[in-house]
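Presented below is the structure to which this report refers.
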Amino acid sequence: MSLTDLRRGFRDEDQLRLAQAIVMGHLADDREQEECRVLMKFWWQLAMTYQEVTETDLDRHVSRAKREAVQELIEAIRNSPEAIDAWLTDAPRRFPPVQDRGYEAHRSSVSRTDDEVAVDLARAGIKFIERIATEISYPLPASDQGPASCGAEHGRFDSEPHEIVHVDALDMPAKVNTSWSRMANEFGLFDEDREFLLAVDYAGPDTAESEPRWVRVRLGEEWDLAGSGSSTLRSHFAGVFTERFVPEFTMLSLDQEMMLNTTVWGDATVSTIVIRPDRLG
């Protein structure tokens with residue numbers, strides 16, 4: 001059976017991205033290299049309309065339990081978006097996030113320091129102030145929901161159509177910077193000192209699991225987020241589509257009423273989302 005029609009079964013890009021995240025984060029374990037390779041091809045196949053992996057590949061290389069989960073997703077895609085929603089809820093309960101067994105013991109020796117993060121962010125024109133130790137609240141409808149899965153009813157605002165750009169477009173850095181700046185200013189990311197919160201992964205480059213933290217930063221007079229090459233702002237997901245530097249990051253206003261997410265989508269485009277519930281209506 002061909003798997004080239006899967007993309008058309010999703011409600012929207014957000015639902016597709018969530019399904020891909022579960023395949024990558026809960027099923028594809030690189031300790032089982034051949035199985036991981038095939039599952040990553042399936043992950044890619046969800047967004048593509050040409051053949052990357054076959055049912056035979058899945059049968060041959062994927063363990064029984066995970067193969068059943070993959071088949072359930074395929075059947076849900078061919079059934080309805082509501083069936084996909086049910087799979088998205090059920091699969092993470094059956095398959096916990098993939099973790100490196102040696103990660104916890106190794107993490108302290110590979111985690112980045114505040115100084116290293118500060119030097120890296122300076123490349124983009126962002127000044128590191130401090131790491132946040134207090135609890136952060138989010139303007140999201142549920143604690144386990146991300147910006148991309150929010151809808152207009154949650155206070156979601158998206159880049160204008162002309163601001164959405166392909167990762168390999170020559171004007172990608174300029175368009176991303178312009179769209180991000182417009183939305184950051186329009187929806188109130190900055191305080192009077194141009195300060196805000198930035199989500200930072202403190203995990204080192206050789207670790208498989210993230211170590212997310214929030215840091216307080218200030219935007220400088222001269223900045224370039226999309227062309228900086230900052231490892232902190234780099235999209236790992238974009239590596240599926242291109243070798244060039246592509247940004248992806250999440251920001252929060254200091255009053256924690258506005259969240260901004262510049263993200264790479266399954267169709268290899270970049271755009272910015274703002275979640276600001278108090279601007280509804």
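Things to note:
- Between H236 and V119, the distance separating the two model label sites (each 7 Å from Cα on the Cα→Cβ line) works out to 2.2 nm.
- The chain, accessible surface, carbon-and-sulfur percent (1.4 angstrom probe): 49
- Only Lys, Arg (+1) and Asp, Glu (-1) charged, at Cβ; the chain dipole about Cα centre in debye: 380
- Annotation: amide H of R234 within the under-5 Å range of E248, sequence separation 5 or more or interchain, hydrogens built in the peptide plane.
- Residues whose amide H falls under 5 Å from that of M258, counting only those 5 or more places apart or on a different chain, are S253, with hydrogens built in the peptide plane.
- Taking only alpha carbon atoms, the range 182-281 gives an Rg to Rh ratio of 0.97, where Rh is the Kirkwood radius.
- Counting only heavy atoms of the protein chains and using a 1.4 Å probe, E186 has close to 100 Å² of accessible surface.
- The range 31-83: Cα Rg divided by the 2.2 N^0.38 Å rule of thumb: 1.12
- Efficiency of FRET between F190 and R37 - r from beta-carbon atoms, R0 25 angstrom, step 0.05: 0.05
- Taking Cα atoms only, the orientation of helix 64-79 departs from the longest principal axis of the chain by about 80 degrees.
- Per residue, in Å², the accessible surface of the range 216-281 once ligands and nucleic acids are set aside, probe 1.4 Å: 38
- Coupling constants for the range 122-137 follow from the phi torsions by the Karplus curve (6.51 cos²θ - 1.76 cosθ + 1.60, θ = phi - 60°), and in residue order they are 4, 4, 8, x, 10, 9, 6, 10, 6, 7, 8, 9, 7, 5, 10, 10 Hz; glycine and proline get x.
- Computed [θ] at 222 nm, helices only, for the chain once each DSSP H run of length n ≥ 4 contributes -39500 (n - 2.57): -10000 deg cm²/dmol
- Shape of the range 146-233, Cα gyration tensor, a/c cut at 1.5: rounded
- Stokes-Einstein D (µm²/s) once Rh is taken as the Kirkwood radius of the range 126-194 over alpha-carbon pairs, at 10 °C in 1.306 mPa s: 107
- Across H61, H26, H162, H236, the residue with the most accessible area heads the list, and the full order at a 1.4 Å probe is H236, H162, H61, H26.
- Hz values of 3J(HN,Hα) by residue in the range 263-273 - Karplus curve (6.51, -1.76, 1.60), Gly and Pro given as x: 9, 9, 9, x, 9, 6, 10, 10, 7, 10, 10
- Residue-normalised accessible area of the range 1-79, expressed per residue, 1.4 Å probe, Å²: 49
- Note on K127 and N79: the model spin-label points, each 7 Å out from Cα along the C-beta direction, lie 5.6 nm apart.
The values are calculated or read from the model by the stated rules, or taken from the named source; none is laboratory data. Keep in mind that what you see is a predicted model, and the values were worked out from it rather than measured. In this analysis, Cβ positions are derived from the backbone assuming ideal geometry, glycine residues included, and neighbour counts consider all displayed protein chains. Please note that ligands, DNA and RNA were not included when accessible areas were found on the heavy atoms of the full protein model with its side chains. Shrake-Rupley method; radii C 1.70, N 1.55, O 1.52, S 1.80 Å.
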